[in-house]
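The values are calculated or read from the model by the stated rules, or taken from the named source; none is laboratory data. What you see is a predicted model; the values in this text were computed from it and never measured. Here the Cβ positions follow ideal geometry from the backbone for every residue, glycine too, while neighbour counts run over all protein chains shown.
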Amino acid sequence: MREYEAMLVLQPELEDEAIDAILQQVASVVESDGGEVTSTGQLVDKKGTVAEVTEGWTSRRLAFPINGRTEGYYAVLHLQGPSQVVENVEQSLRLNEDVLRYMVTLRV
């Protein structure tokens with residue numbers, strides 16, 4: 001199985017429960033394709049440090065406005081699974097209006 005990293009930028013108006021629900025939706029798509037989510041977290045700093053969410057999600061300023069938004073939540077998921085997982089995860093994220101941007105990359 002291959003390892004992937006999914007980076008999501010989510011709407012700044014979301015509550016912590018809504019963010020967790022989006023991540024759970026992604027996890028269920030991954031698991032339905034025979035894969036697994038190995039870790040989830042949020043982007044903490046500009047160096048790319050990912051930390052586990054312990055006291056709630058923290059919104060961050062975006063580098064440039066996306067759909068008129070200047071802030072958002074950065075969520076990171078590490079996935080393992082076959083290549084079809086990426087297609088299904090991207091389709092799920094594409095249809096979710098709370099996701100401003102996403103990118104799934106192969107981890108090496």
Picking from Thr58, Thr70, Thr49, which residue would you name as being at pLDDT 95 or above and surrounded by fewer than 17 Cβ atoms within 10 Å (Cβ to Cβ)? Thr70
Within segment 55-80, take every residue that is assigned to a strand (DSSP E or B) and out of contact with any strand residue (DSSP E or B) (no Cβ under 7 Å at 6 or more places or on another chain) and give me the one that is nearest to Thr40 (Cα to Cα). Ala63
Restricted to segment 35-46 and to residues being part of a loop (DSSP other than H, G, I, E, B) and not β-branched (Val, Ile, Thr), the residue surrounded by the most Cβ atoms within 10 Å (Cβ to Cβ) is Gly35
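Out of curiosity, is Val85 part of a helix (DSSP H, G or I) and among the β-branched types (Val, Ile, Thr)?
yes
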Note on Ala6: of the conditions (1) more than 11 Å from the chain's Cα centre (by Cα); (2) crowded, with 17+ Cβ neighbours inside 10 Å; (3) not in a loop (DSSP other than H, G, I, E, B), unmet is (1)
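Kindly indicate the residue of segment 14-34 that is assigned to a loop (DSSP other than H, G, I, E, B) and either at pLDDT 95 or above or in contact with an Asp or Glu (Cβ under 7 Å, 6 or more places away or on another chain) (or both) and also farthest from Leu95 (Cα to Cα) among those meeting that condition.
Step by step, filter segment 14-34, then rank; the result is Glu15.
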Only one of (1) within 16 Å of Leu14 (Cα to Cα); (2) assigned to a strand (DSSP E or B) fails for Val104. Which number is that? (1)
Does Ser28 fit the bill of being surrounded by fewer than 16 Cβ atoms within 10 Å (Cβ to Cβ), out of contact with any helix residue (DSSP H, G or I) (no Cβ under 7 Å at 6 or more places or on another chain), in contact (Cβ under 8 Å) with a residue 24 or more places away in the chain and hydroxyl-bearing (Ser, Thr, Tyr)? no
Say whether the condition of being over 21 Å from Arg107 (Cβ atoms) and under 15 Å from the mean Cα position of the chain (by Cα) is met by at least one residue in segment 33-42. no
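For Val50, state whether it is touching a residue at least 60 places away in the same chain (Cβ under 8 Å) and under 17 Å from Met103 (Cα atoms).
no
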